[in-house]
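K.L.:
Dropping the structure in here first, questions after.
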Amino acid sequence: MSSNKPIMVGVGFGDITSRLPLPASVRSTVKETFTRSQGAAKQGDDRAQLILGIAHEYGIHVDRDDSAAAYWYTQAANNGNLDAYCPLSLMYWQGRGVSADKHEAIAIIRSASKAGHPSARLFNAHMTIGSKCAAKDTQQAMDWLVLAAEDGLVTAQYLLGLLCSGQRGMPEDYIEAVRWYHMAASYGYGLAMNNLGALLEKGVVIPPEPELAVRWYREAARMNAEGAQCNLGRCYLHGTGVTQDRQRAIAWYRSAAAQGEECAQWRLVELGVSV
């Protein structure tokens with residue numbers, strides 16, 4: 001019989017190796033303002049310079065050109081535009097359009113962090129952990145995450161939940177983990193919903209509450225969080241917090257397996273049904 005232990009999802013602290021996804025609203029703004037931004041950028045308008053940086057990085061109205069993007073981000077940053085610091089720092093981190101220099105990347109992002117930019121604080125934490133992964137760096141990253149989380153960034157709240165659960169060598173503090181996960185889950189963050197459910201099911205802070213755990217799993221599963229779908233399948237299979245139902249278990253396992261969740265794929269094999 002398969003294990004009846006909940007899966008916790010620990011995505012979040014890998015190295016940053018790709019471009020940031022560009023929100024549709026930002027893409028639309030760049031499209032609408034690109035033409036008039038060209039002249040304004042040359043006159044030193046930092047917002048227009050940021051627009052040109054985004055346009056060149058993502059190939060909006062112009063061919064994609066990381067060198068040009070880095071140039072305009074630098075101009076915008078030099079003129080005090082804090083929004084330009086994050087993409088410029090990331091270009092130094094990845095060596096796109098400029099020579100790779102992680103020390104410069106961290107210096108840039110920390111300048112914006114100290115100026116109070118929420119997203120910069122989040123990236124600062126990522127880069128601090130990604131640079132050395134030493135315990136003192138993890139604690140420093142946690143300090144930046146707290147500031148970002150208090151600014152309302154749900155990703156930071158989720159990552160704090162991970163660290164308080166003992167990731168990256170941090171001491172376990174499940175009361176704080178539950179608090180941060182609940183905060184992010186309340187804003188609809190699927191990964192936090194799943195992990196909150198797992199801690200409630202395990203009963204690490206209070207006696208186990210499998211019914212409440214299933215409610216969080218179900219909310220996350222409806223948002224296509226594959227870990228939660230796998231957990232929900234397991235709960236239905238074993239009758240944990242719900243009435244035992246093999247067919248519903250299989251259905252949720254298949255949903256998770258279709259998204260590449262290996263645990264769900266193995267469970268289906270164990271159950272002797274097709275993936």
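K.L.:
Among rounded, prolate and oblate, which fits the range 125-227 when a ≥ b ≥ c are the square roots of the eigenvalues of its C-alpha gyration tensor, a/c under 1.5 means rounded, and a/b larger than b/c means prolate?
P.N.:
Prolate, since a/c reaches 1.5 and a/b exceeds b/c.
K.L.:
As a test of the formula, what do you get for the chain when each DSSP H run with n ≥ 4 contributes -39,500 (n - 2.57) and the sum is divided by the residue count, at 222 nm and rounded to the nearest 500 deg cm²/dmol?
P.N.:
The helix contribution divided over the chain gives -21500 deg cm²/dmol.
K.L.:
Can you tell me the dipole magnitude for the range 167-236 around its Cα centre, using point charges on the Cβ only (Lys, Arg +1; Asp, Glu -1), in Debye to the nearest 20?
P.N.:
That gives a dipole near 160 debye.
K.L.:
Which distance in Å, rounded to a whole number, links the C-alpha centroids of the range 162-239 and the range 22-89?
P.N.:
Spelled out, the Cα-based centre of one part sits 39 Å from the other.
K.L.:
Where does the range 217-275 land on the Kirkwood hydrodynamic radius, alpha-carbon pairs, in angstrom?
P.N.:
10.7 Å
K.L.:
Another question about this same structure. Tell me the label-point distance for the pair residue 28, residue 63, using the 7 Å Cα-to-Cβ offset, in nm and rounded to one decimal.
P.N.:
3.0 nm
K.L.:
Which three extents, in angstrom, do the Cα atoms of the chain have along their principal axes, listed largest first?
P.N.:
That gives 68, 39, 29 Å along the principal axes, largest extent first.
K.L.:
Right, next: What does the charge count around residue 257 come to, taking other residues whose C-beta lies under 11 Å from its C-beta (Lys +1, Arg +1, Asp -1, Glu -1)?
P.N.:
Around residue 257, the charge tally is -1.
K.L.:
Let me ask something else. Along its three principal axes, how long is the range 45-139 when you only count alpha carbons? Whole Å, largest extent first please.
P.N.:
Projected onto the principal axes, the Cα atoms of the range 45-139 cover 44, 24, 17 Å.
K.L.:
In percent, what relative contact order does the range 147-275 have, based on Cα pairs under 8 Å that are 6 or more apart in sequence?
P.N.:
Over the range 147-275, the number comes to 14 percent.
K.L.:
To make sure I understand, if each residue's beta carbon is the centre and we count other beta carbons within 10 Å, what order do 237, 22, 147 fall in, fewest to most?
P.N.:
In order of increasing Cβ crowding within 10 Å: 22, 147, 237.
Values quoted throughout were computed directly from the atomic coordinates according to the rules given, and no laboratory measurement underlies them. This is a predicted model, so every value here is computed, not measured. Every residue, glycine as well, gets a Cβ built from its backbone with ideal geometry; the counts of neighbours run over all protein chains shown.
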